[in-house]
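The values are calculated or read from the model by the stated rules, or taken from the named source; none is laboratory data. Nothing here was measured: the structure is a model prediction, and the numbers come from that model. Every residue, glycine among them, receives a Cβ derived from its backbone with ideal geometry; neighbour counts consider all protein chains shown. Note: accessible area is taken over every heavy atom of the protein model, side chains too, but ligands, DNA and RNA are not part of it. Shrake-Rupley method; radii C 1.70, N 1.55, O 1.52, S 1.80 Å.
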Amino acid sequence: MWPGIFVKERVTIHAPADVLFDVWRDADNLPSVMPFVEWIDRFGDRRSHWAVQGPAGSLVEWDAEITTEVPDELIAWRSVPGAVVANAGSVLFQPVGLYSTRLTLVLQFAPADGRVGAAMALAFGRSPDTEIRGALMSHKQMMESTGRQSPISEVWMAANR
């Protein structure tokens, strides 16, 4: 088993898998999906630089790359070697009925040293599981709200016109 922190959360969202996939695949949307993500800079189609909230208002940054992509089904990534926080994750999009999708998010991270690891755990507040679950529930609400205007809800509404 991979050392460090492991989080696996699922949520069913009333939105098609292809729409959700497009939202998650566009790095510009991810700070809206996961509020602890401050920003992401893309370097080409598969590499990016991430900055997430750290303890006491600090930023924790690393580079990552998409390792596997199956359109409308799966996005998997990992940090590049030498990252302060080694991490990997995936998001799986499984259709449930005609217009709903079970989204499964798996995150693993292991800091380069124990101090950063403790800081990363604290950066999530209560616990990584709780923060991720809350972020996914907010994402569900945002994607299912047709009256709320946001870049993400606009993707959903455009797909349903």
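Residues in region 1-60 average 53 Å² of solvent-accessible surface per residue, probe 1.4 Å, ligands and nucleic acids excluded. Geometric descriptor of region 1-100, per residue, is 119 Å³ (volume of the convex hull of the Cα atoms). Both radii come from the Cα set of region 1-50: Rg as radius of gyration, Rh as Kirkwood radius; their ratio Rg/Rh reads 1.02. In this rough spin-label picture, where each label sits 7 Å from Cα along the Cβ direction, the PHE43-GLN94 distance is 3.5 nm.
Of all GluC sites (Glu not before Pro) in region 20-82, which ones are in loop regions per DSSP and have a Cβ with at most 13 other Cβ atoms within 10 Å?
Working: sites: GLU38, GLU61, GLU65, GLU69, GLU73; in loops: GLU73.
Sites meeting the loop and neighbour criteria: none at all.
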